[in-house]
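Quick notes on the structure that follows.
The values are calculated or read from the model by the stated rules, or taken from the named source; none is laboratory data. For clarity, every value in this text was computed on a predicted model and none was experimentally measured. Note that we place each Cβ from the backbone using ideal geometry, even for glycine, and neighbour counts take in every protein chain shown. Quick note on the areas: whole protein, heavy atoms, side chains included, nothing else; ligands and nucleic acids left out. Shrake-Rupley method; radii C 1.70, N 1.55, O 1.52, S 1.80 Å.
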Amino acid sequence: MALQSMAADSGGSYEPLQLEPFIHQVGGHSSMLQLDEDTICKPLISQELNFYKTAPDALKEFMAEYKGMIEVTYSESDDGYLDLTTYLPATYKKSSSKQSSRQNSLTENERKAKHRDLQKYPPLKMNCYLPRIRLCQSGKIQIDSITIDDAKKNYEEQRNRTGKAPNGSLNPWVAYCHQKHVRDLQQKSASTFSQKYILLENRVSKYEFPCILDIKMGTRQYGDNMSQAKKQSHTAKAAASTSAILGVRLSGMQVYHQESGVYNCHNKYYGRSLTVDGFQQAFFNFLHDGVKLRRNVVSALLEKLRKLHSAIRNLNTFRFFTSSLLIIYNGSEASSKFLNDNGNKEGKVKTDKSCDKCSSVNPCRKHVSPPRKSNADNVVDVCMIDFAHSTHRDMPDSSVSHEGPDEGYLFGLENLITHLEVIQQAEK
C-alpha cells in the first residue's frame, strides 16, 4: 500500500505491474528483471546510479539509457508463484513504438493457456515469451514448469552428449542468478520482501535471436572502496585468468546457431578457465554461426570498438573498474538483413532548382542528407555495463581521484581490436 501511495503522490501509476525474469542474462550475479520489452531492472547500487546520472555525452551511445528507479515487492501468490510487482514512477519513459508490456496485457486465463501451449510446443527462441517464477516448498526456484536444477541438469547432459544446448532451453545462468537472489532475499524476510531497482534500456530487445558476449574489461578488477581482502581476492582471480594478460575476460556468452536452432552458452567459470588461446578461440566461436564466420559482424564490431577506444582515450579521471562490455548481434542473418535494409537507407537526394551545381544524378554535397545510421549500428551493438565500482572526479562521494584515461580498459579494447583484425585477415 505504501508503494501505491508513493507512486500516486508522484504522479505515477495506481495499478501494480507484474515483472518477469530477464531471460537473456549471460553474466554478472544480480537477478535481472524485465519491466516491459524495452526496459530491464537491475538491483540498485548507489555508485552505479551516480555513474549513470553523471555519464558524459561521449559514452551515451555505448551505454543503456537510464530510465529511473522503482521498488519491487516479492510475494508468494495463491497459485504458488512468486509475484514481482511494482508501481511506475511518473518519470518513467514509455516507448512510443511498442506496447508497454506483452506480459501485462495477458489475463490470467490467457497466461495459463499460453503456458500450456508452450509445454506442448517448446519455443525455438528464448525471447518469445516471458516466464513466471514459482517458489517451491523445498526452497528451489521454478520458472514456469521447469525447475532450475532440472533445467541445468538437462542442459548439461544434452550438451555433453551432442555438444549443443537443448532446443528452446533456458540459459542456465539466468536460472542460477534468480535462485541465488531469491534465496538471499528469503533470509531477510519470511514471505514478503522488497528491493529497489534502477530501470535501464533493454539493448537486447531489437534482436530476434540475440547472440550476447559479456566481457569483463580491464587489468584491475577491484574498486577503490573494496576491503583489502576483496582486493586481494579479485587481484588473484585476474592474475589467474586472461584479465592480467589481455585486459579482458569472458564473463558469459550465448551464441545462436541457425541450422540447429539452439543457443550454445558459457558462464563466467568457463571464462576464468581460459588461456589466451582459449579466449581467442571462444571469441571466434562467438562470431561463428556453426557454419560460417559472420564477417559482417566482425567488420561492424571493429568499427564500434575503435570508436569506443577513441571515446575512452579522451576521458580524464574516469575508471571503469570491474565493468563489462556487452557485444550483441542477431543470430539470424535473415532478420539482420531486414534490419539493414530498413534501418540503413541511403541518403536522400534533395535537389535545389536555384543551385546550378545540383542534379538528381550528381547533387552537390550540401543537398544530400546523410544516412540515418551506419551499417555498424544495425549489425552489432556494443554496450558498457556494470558500473558499481566505476568512478570519475565529478562523481558524488568520490574517495579517490585518478588522472588520465583508464589505461587498463584501453589495453583490453586494443587486444579485442587486434584479435578481430587477425580474424578478419585470416578469413579473406
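Descriptive notes on the structure:
- Scalar couplings 3J(HN,Hα) for region 201-213, obtained by applying the Karplus form with A = 6.51, B = -1.76, C = 1.60 to θ = phi - 60°, are 4, 8, 6, 8, 4, 7, 9, 6, 10, x, 8, 10, 10 Hz; x denotes Gly and Pro.
- Under 5 Å, built H, 5+ apart or other chain: amide partners of Gly68: Leu199
- Amide H to amide H, with H built 1.01 Å from N, Glu37 comes under 5 Å of Arg102, counting only residues 5 or more places away or on other chains.
- Note on Ala236/Ala90: beta-carbon distance plugged into 1/(1 + (r/R0)^6) with R0 of 51 Å gives a FRET efficiency of 0.65.
- Sites Tyr270 and Met69, calculated FRET efficiency, Cβ-Cβ separation with R0 35 Å, nearest 0.05: 0.55
- The residues of region 387-426 have, on average, 46 Å² of accessible surface per residue, using a 1.4 Å probe with all protein chains present.
- Annotation note: GluC sites (Glu not before Pro) in region 183-288 located in DSSP loop regions with a Cβ neighbour count of at most 10 within 10 Å are Glu259.
- Rounded to whole Hz, the Karplus (6.51, -1.76, 1.60) HN-Hα couplings of region 192-200, x for glycine and proline: 10, 8, 9, 8, 8, 10, 9, 9, 10
- 5 angstrom amide H check on Lys196, placed H, neighbours 5+ away: Leu44, Val72
- Three-way shape call for region 235-336 based on the alpha-carbon gyration tensor, with the a/c threshold at 1.5: oblate
- Taking the Cα centre of region 220-298 as reference, the dipole from Cβ charges on Lys and Arg (+1) and Asp and Glu (-1) amounts to some 260 debye.
- Given Lys237/Lys268; Lys60/Lys206; Lys237/Lys304, the pairs whose alpha carbons are separated by over 22 Å: Lys237/Lys304
- Vicinal HN-Hα couplings computed from phi for region 318-330 (Karplus, 6.51 cos²θ - 1.76 cosθ + 1.60; Hz; Gly/Pro x): 7, 9, 10, 4, 6, 7, 10, 10, 8, 10, 10, 8, 8
- Largest to smallest accessible area among Glu20, Glu65, Glu403 [probe 1.4 Å]: Glu403, Glu65, Glu20
- Accessible surface, region 213-299, averaged per residue in Å² (probe 1.4 Å): 41
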